[in-house]
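The values are calculated or read from the model by the stated rules, or taken from the named source; none is laboratory data. Predicted model only: the values in this text are computed from it and were never measured. For neighbour counting, all protein chains shown are included, and Cβ atoms are generated from backbone atoms with ideal geometry for every residue, glycine included. Ligands, DNA and RNA are excluded from the accessible area calculation, which covers all protein heavy atoms including side chains. Shrake-Rupley method; radii C 1.70, N 1.55, O 1.52, S 1.80 Å.
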Amino acid sequence: MTMQNRFQAALFDLDGVVFDTEPQYTIFWAEQGRLYHPEMPDFAQRIKGQTLEQIYSGYFAGDLEKERAGITCRLNEFEQHMDFIYVSGFESFVASLRKQGLKTAVVTSSNQAKMEQVYVRRPEFKSLFDMILTAEDFAASKPDPDCYLTAARRFALLPSDCLVFEDSINGLKSGRAAAMTVVGLSTTNDESVISPLSDIVIADYEHLGRLQSMMNLE
C-alpha cells in the first residue's frame, strides 16, 4: 500500500476504531437505561458516540442529576475490567502507515483516567502513535471539529492532509466538519447508517477494499 503525496496523517478515534470496545459499552449503558430510563429500551443505542458530558446533559438532568456520581463510579469500575482488543488488523495497518512516514494520532473524547487503564493493559499502545489527544486537550466535543483541527495544527498540517477514522455518528460529523477525508468503520453502526457521513466505509483493517485503491491511485 502506498499513500505518498496524498495524506500525511491518520487520526483515529479510540472506541470502535482502535479497540473493539463498543459491545462492552453497550452492555454497561443498556443496564443504566434499564435503571433510569425504562421508557427507552434503545437507550444504549441512543447514546452511542456521545461523551459522558453529553449523556449526562441529555439524559441525566433535573431529578436525575444526583445519579451522575454513582454512574461515573460504576463506569470507572467497569472500564478497569474491560478487554481492550484491537479491531482486526489495526496493529499491522498502523505500523504500515508509520513505515511510510505518515503521522498517527488518537483523537478521543475519553479522559486521561481511562487512558491510564489502556496504558496498563496495553503497554505497547503509546508506541503506535505520534500523539494522543484526549478530552482534556480540546474545548469542544464531537461533533464539533475542534478535536481534529487541533490534531492537524499540532502536526502543522492542513485538514486536507489528514485522514480521519471514525465509527460513531458524532465522530463522523466531526471529521466532516473539519474538512478531512473520513473513513467510517462499521463496527458500531451499519454501513448504510454511516455511509452518508463517510468518504469510504470499511469493516476492519483486514478488508480495506476501496480504501486501498483510493490511496494507491490518488
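Brief remarks follow.
- Close pairs from the range 64-87: first surrounded by 13 or more Cβ atoms within 10 Å (Cβ to Cβ), partner of a type in the set (Lys, Arg), Cβ under 7 Å, at least 6 apart: GLU79/LYS114; PHE84/ARG121; PHE84/ARG122
- For the range 73-82, the condition of being closer than 21 Å to LYS142 by Cα, of a type outside the set (Gly, Ala, Ser) and not in a helix (DSSP H, G or I) holds for none of the residues.
- Residue within the range 186-194 that is in a loop (DSSP other than H, G, I, E, B), closer than 21 Å to PHE19 by Cβ, among the charged types (D, E, K, R) and open to solvent by 10 Å² or more (accessible area, probe 1.4 Å) present: yes
- SER160 being under 17 Å from THR51 (Cα atoms) and hydroxyl-bearing (Ser, Thr, Tyr): no
- Close pairs from the range 125-143: first more than 14 Å from THR51 (Cα to Cα), partner open to solvent by 30 Å² or more (accessible area, probe 1.4 Å) and among the aliphatic types (A, V, I, L, M), Cβ under 9 Å, at least 6 apart: PHE125/ILE132; LYS126/ILE132; LEU128/ALA95
- Look at (1) modelled with pLDDT of 90 or more; (2) open to solvent by 10 Å² or more (accessible area, probe 1.4 Å); (3) assigned to a loop (DSSP other than H, G, I, E, B); (4) on the phi < 0 side of the Ramachandran plot and you find that ARG6 fails only one, number (1).
- Positions within the range 156-179 being in contact with a helix residue (DSSP H, G or I) (Cβ under 8 Å, 6 or more places away or on another chain), under 16 Å from THR108 (Cβ atoms) and in a loop (DSSP other than H, G, I, E, B), in sequence order: ASP167, ALA178
- Hey, LEU97 assigned to a helix (DSSP H, G or I), surrounded by 13 or more Cβ atoms within 10 Å (Cβ to Cβ) and either among the basic types (Lys, Arg) or out of contact with any strand residue (DSSP E or B) (no Cβ under 7 Å at 6 or more places or on another chain) (or both) or not: no
- Residue in the range 64-86 that is touching an Asp or Glu at 6+ places or on another chain (Cβ under 6 Å) and on the phi < 0 side of the Ramachandran plot present: yes
- Look at (1) open to solvent by less than 40 Å² (accessible area, probe 1.4 Å); (2) closer than 20 Å to GLY16 by Cα; (3) more than 16 Å from the chain's Cα centre (by Cα) and you find that LEU102 fails only one, number (2).
- Qualifying residue in the range 13-36 (condition: at pLDDT 95 or above and in a strand (DSSP E or B)): yes
- Per the listing VAL183, VAL201, the residue uniquely outside any loop (DSSP other than H, G, I, E, B), within 15 Å of the chain's Cα centre (by Cα) and over 26 Å from ASP42 (Cβ atoms) is VAL183.
- When the range 170-185 is filtered for residues that are surrounded by 20 or more Cβ atoms within 10 Å (Cβ to Cβ) and of a type in the set (A, V, I, L, M), the ones remaining, listed by number, are LEU172, ALA178, MET180, VAL182, VAL183, LEU185.
- Of all residues in the range 112-142 being open to solvent by 50 Å² or more (accessible area, probe 1.4 Å) and part of a loop (DSSP other than H, G, I, E, B), the one that is farthest from ARG98 (Cα to Cα): ALA139
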